[in-house]
Amino acid sequence: MIDVHFVPTPNGHKVSMALEEMGLEHRLIRYDMLKGDHLTPAFRRINPNARLPAIVDHAPSDGGDPFPVFESGAILVYLAEKSGKLMPAAPRRRSLAMQWLMWQMAGLGPMHGQAHHFIRYAPDGNPYAVERYTNEARRLLAVLNRRLRDAEYLAEEYSIADISAWPWVRAARVIGFEIAEFSHIKRWFDAISIRPAVVAGTSVANPALLSSLRVPLTAEQWSNLFGQNMLASAESEED
Ligand SMILES: N[C@@H](CCC(=O)N[C@@H](CS)C(=O)NCC(=O)O)C(=O)O
């Protein structure tokens with residue numbers, strides 16, 4: 001059994017999609033980040049970075065103690081190795097999968113994440129930040145579109161690299177992007193969308209995530225996500 005410490009966001013859906021695709025037994029443990037559920041000493045023992053998702057594998061392949069894994073990219077690699085699925089076997093394709101996974105983890109995710117932050121969560125009046133991250137988000141979509149012009153899937157066969165990118169592409173609509181504008185992404189996106197594991201893995205939805213409305217936060221919620229409560233938790237000596 002694998003516990004998934006979960007929120008229905010792009011990073012959370014990467015893990016739920018992969019687990020469905022791999023057929024690994026799991027249960028979702030829902031967190032409410034607005035309430036600060038993730039800012040506890042107990043969760044820091046699972047994920048020292050106190051972000052979601054994280055998993056705990058209660059039946060690791062070495063037969064040892066339950067094993068926690070954090071960072072969605074590391075979780076995808078761990079699950080691919082555990083299941084023997086969704087990581088290409090051929091060395092070149094395996095390297096391609098790792099390259100595009102790293103690209104997603106270091107580029108597409110963080111840059112789109114900042115665009116979401118400044119467009120949807122930050123107070124008005126950050127035109128430089130909005131322009132900077134919208135441009136970078138668009139550039140990364142153009143990079144993805146060119147790759148998918150040349151290959152059916154990122155590593156030529158469906159892999160954890162595609163799973164890492166798909167939920168972020170889905171969320172791009174709420175920061176003003178029209179996926180139909182990127183014809184090769186559209187072909188890839190539609191093909192992945194109808195996979196039964198993707199439908200199942202994204203069945204826990206977050207309506208706010210997919211609406212284009214700005215997200216109003218109370219002072220307490222903002223503090224849990226971006227302010228003093230978040231910092232106090234990271235700096236706490238308590239374990
Ligand atoms: N690089 C991390 C990012 C995780 C992340 O930032 N998760 C968000 C939700 S998608 C989160 O936990 N936010 C809560 C917070 O920032 O305090 C990963 O891919 O797992």
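Here are some notes:
- Residues of region 1-42 classified as open to solvent by less than 50 Å² (accessible area, probe 1.4 Å) and touching a strand residue (DSSP E or B) at 6+ places or on another chain (Cβ under 7 Å), total: 12
- Subset tally (residues that are open to solvent by less than 10 Å² (accessible area, probe 1.4 Å) and among the polar types (S, T, N, Q)) for region 140-168: 2
- Verdict on residue 112 being touching a residue at least 60 places away in the same chain (Cβ under 8 Å), within 16 Å of the ligand (Cβ to nearest atom) and open to solvent by less than 40 Å² (accessible area, probe 1.4 Å): yes
- Test result for residue 137, without any contact (Cβ under 8 Å) to a residue 60 or more places away in the chain, surrounded by fewer than 19 Cβ atoms within 10 Å (Cβ to Cβ) and farther than 24 Å from residue 30 by Cβ: no
- Filtered residue count, region 118-134, keeping only those that are in contact (Cβ under 8 Å) with a residue 40 or more places away in the chain and either within 15 Å of the ligand (Cβ to nearest atom) or hydrophobic (A, V, I, L, M, F, W, C) (or both): 3
- Hey, residue 52 more than 30 Å from residue 238 (Cβ to Cβ), near the ligand (Cβ under 10 Å from one of its atoms) and not assigned by TED's automatic domain parsing to the domain that holds residue 185 or not: no
- In region 13-28, the residues that are within 16 Å of the ligand (Cβ to nearest atom) reach residues that are open to solvent by less than 50 Å² (accessible area, probe 1.4 Å) and part of a loop (DSSP other than H, G, I, E, B) with C-beta atoms within less than 6 angstrom, at least six apart or across chains, in these pairs: 13/202; 15/53.
- Any hit, region 63-71, residues being away from the ligand (no atom under 12 Å from the Cβ), open to solvent by 60 Å² or more (accessible area, probe 1.4 Å) and touching a His at 6+ places or on another chain (Cβ under 6 Å): yes
- Residue 3 fulfils the conditions (1) away from the ligand (no atom under 16 Å from the Cβ); (2) touching a Lys or Arg at 6+ places or on another chain (Cβ under 9 Å); (3) part of a strand (DSSP E or B) except for a single criterion, (1).
The values are calculated or read from the model by the stated rules, or taken from the named source; none is laboratory data. As the structure is a computational prediction, the values presented were derived from the model and not from experiment. No Cβ is skipped: glycine too gets one built from the backbone with ideal geometry, and neighbour counts run over all protein chains shown. To get the accessible areas, we keep the full protein, side chains included, count just its heavy atoms, and leave off ligands, DNA and RNA. Shrake-Rupley method; radii C 1.70, N 1.55, O 1.52, S 1.80 Å.
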